[in-house]
Amino acid sequence: MKTCGRGAEIFATALGVVAMACGAANILVWAGLYDGIEIGILAIGGTDFFRWVWGSLVVAFGGVMMLSGARNMHTVSSYGKVLLGTVMVWIVAVTDILALICESIPAGDEPQFFNSAAGFIGAFAPPYPPAVVLLPFTLAIACFLYAGRGLTKADEETGQAGDANHF
Amino acid sequence: MSISPSRRWELVDCIARRTVSAGACRPTLGGVLGELTVKPLTGIPTALAVLYAFWSVFGSFAGALVTDGFMVRIFDGYWLPWMQAVWPDPGSVHYFLFVGDPAAETCFEAFGMLTSGLFVSFGVVLPAILVFYLMMTLLEDSGYLPRLAVLMDTLLHKIGLHGYAIVPAILGLGCNVPAVTATRTLETKKQRFIMMTLLALFIPCGAQLGIMLQAVPDTVGWVLLYLLIGFVVFGFALSRVIPGSNPEILIDVPPYRWPQRTNVAKKLWNKTRGFLTNAVPFVMLGILIVNVLYLTGFIGWLADLAAPLFVTWFGVPKETVGPLLAAFLRKDLAVAQLSTIPMTPYQMITAVVLISIYFPCVATFAMMVREGPRQLLAAMGVLAVVVIIYGGLIHAVGILLGVA
């Protein structure tokens, strides 16, 4: 982890801030303090209370969790917090994508049962909710895990395992 | 010879000091994640995320894909018109019993044994049950459920229970029958009584949830909120009123594991088979009995009799008496029937809450009988009081908000 320690911490901090801000913004929009926002492929807002508010709350908590662990990310306890925050964003993103898939397989009001290929793919057009936009960036956190594992094994083989609290 | 709990713990400490030696421990990522999911500060947001996933997958797969996407179209577009076309003599009793209303355009409205009965069983409830048990098994086998029990321990102690009461509570969201059986894991009679009563009153089963999402989707959030409030408030009251103890327990928390595919498949099959063999006949029988009661005029008579209570005290139309009778057989069936009665949104919320709390379904009732007649009688007494009080309170809240 030491090889990517500082960079990983900055990355996790940035990701945490963005996740927390997006989650909070979604809740503020739902509360009626702001109108829906659309920035490029990112959409803040929604219609489904369950996905919109509950999902946003989870993303915001995920961001807070990432921030709380970002400072000493080279330790396993802090990395665990960052990973748990990341998993929370993954949960919302993956279930949002699953919902899109489930809704776009049937043809809806069309006479046939299954949607056409164009209709199916069209359902995945942007804008996307924050968790889906954050998903590719959060995958980097999982990459740090594998980088950390590699380093641990190398350390153990050469007898240079560091502090017991470290990877 | 008996020793006090504090003396017992002192002895445990003494033995542990002499026999247990501790060395340096290298924390693993799995261990850290395990700890984070039981600490309230990090565990509660995680629980929120897990429950979000649970209900999101439930709604997406069972609701949007299987039921809305295909089953509604198959049953309303093909099965119902075909049954209406081929079944002879639309004015006859057998047509009313098996096909239902000849002018119905949806299987919810028809309310025949072979139309609504099959649609509710296989089009709505089966996919809901399947997804629910899949998610439940994954949580159980991954090791998350015991962590949720630890997390909920403090809160559940406030209502006279302990952390492991979360197991029957969550099981009850699938089906109240295994949930009643699971109350046996609780230590004292007081805990078992409170849990069984709360299950019968405030935990809607998966079948009911599935049909609520399908038939009255706009009211589901409010209904669940009312049920949750009722669970906490009446649980708190019961824990103060019912005599008995609420001891602390030790929960063995296993490490996180990847669920085994074969185990998941076996559990899923066993639970789904249970639904197919136990619940489906009840749905069919329920529709048949309710239709016979309609034909004989019994429901009309009962509706007139109970009208003052329903209209004045609960604030719902007297026609809801029919679904309430059906609810004793199957609650999912009753919600489906409610969805066809013209009501204001608030009346619908009240009526669905009443369906949930007024009486356990017959299968749960049978399980409660097996747990002991005295407990059952006491639970029924509590139930009757709670229905009258809570039903009236919900109506009062509606009047205060100007929506009733």
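The values are calculated or read from the model by the stated rules, or taken from the named source; none is laboratory data. This is a predicted model, so every value here is computed, not measured. Neighbour counts are summed over all protein chains in view; Cβ atoms, including those assigned to glycine, are modelled from backbone coordinates with ideal geometry.
A few remarks follow.
- Identity of the residue in the range A:78-131, in contact (Cβ under 8 Å) with a residue 40 or more places away in the chain and of a type in the set (Phe, Trp, Tyr), that ends up farthest from A:Ala25 (Cα to Cα): A:Tyr79
- The number of residues in the range B:58-107 being of a type outside the set (Gly, Ala, Ser) and under 15 Å from A:Phe113 (Cβ atoms) comes to 13.
- Checked against (1) more than 14 Å from chain A (Cβ to nearest Cβ); (2) surrounded by fewer than 19 Cβ atoms within 10 Å (Cβ to Cβ); (3) over 25 Å from the mean Cα position of the chain (by Cα), B:Asp141 passes all but a single condition, namely (3).
- The residues of the range A:97-113 that are at pLDDT 90 or above and touching a Gly at 6+ places or on another chain (Cβ under 9 Å), listed by number, are A:Ala99, A:Cys102, A:Glu103, A:Ser104, A:Ile105, A:Pro106.
- Residue check, A:Leu28 at pLDDT below 90 and not in a loop (DSSP other than H, G, I, E, B): yes
- Filtering A:Ala93, A:Ala125 for residues that are within 19 Å of B:Phe61 (Cβ to Cβ) and modelled with pLDDT of 90 or more leaves a single hit, A:Ala93.
- Condition check for B:Ala49: buried (at least 18 other Cβ atoms within 10 Å of the Cβ), touching a residue at least 40 places away in the same chain (Cβ under 8 Å), within 14 Å of another protein chain (Cβ to nearest Cβ) and under 23 Å from the mean Cα position of the chain (by Cα): no
- Check on B:Val38, in a loop (DSSP other than H, G, I, E, B), crowded, with 16+ Cβ neighbours inside 10 Å, of a type in the set (A, V, I, L, M, F, W, C) and touching a residue at least 24 places away in the same chain (Cβ under 8 Å): yes
- Residue match in the range A:46-59 (condition: within 9 Å of chain B (Cβ to nearest Cβ), closer than 16 Å to B:Thr37 by Cα and not in a loop (DSSP other than H, G, I, E, B)): yes
- Count of residues meeting criterion [in contact (Cβ under 8 Å) with a residue 60 or more places away in the chain and either out of contact with any Pro (no Cβ under 9 Å at 6 or more places or on another chain) or crowded, with 23+ Cβ neighbours inside 10 Å (or both)] in the range B:94-117: 9
- If you filter the range B:27-46 down to residues that are within 13 Å of A:Phe61 (Cα to Cα) and facing chain A (nearest Cβ under 7 Å), you find that the one that is farthest from the chain's Cα centre (by Cα) is B:Thr42.
- Qualifying residue in the range B:327-335 (condition: surrounded by fewer than 24 Cβ atoms within 10 Å (Cβ to Cβ) and not acidic (Asp, Glu)): yes
- Counted residues, the range B:123-158 - those being in contact (Cβ under 8 Å) with a residue 60 or more places away in the chain and within 30 Å of B:Gly77 (Cα to Cα): 11
- Check on A:Met88, modelled with pLDDT of 95 or more and either within 7 Å of chain B (Cβ to nearest Cβ) or not in a helix (DSSP H, G or I) (or both): yes
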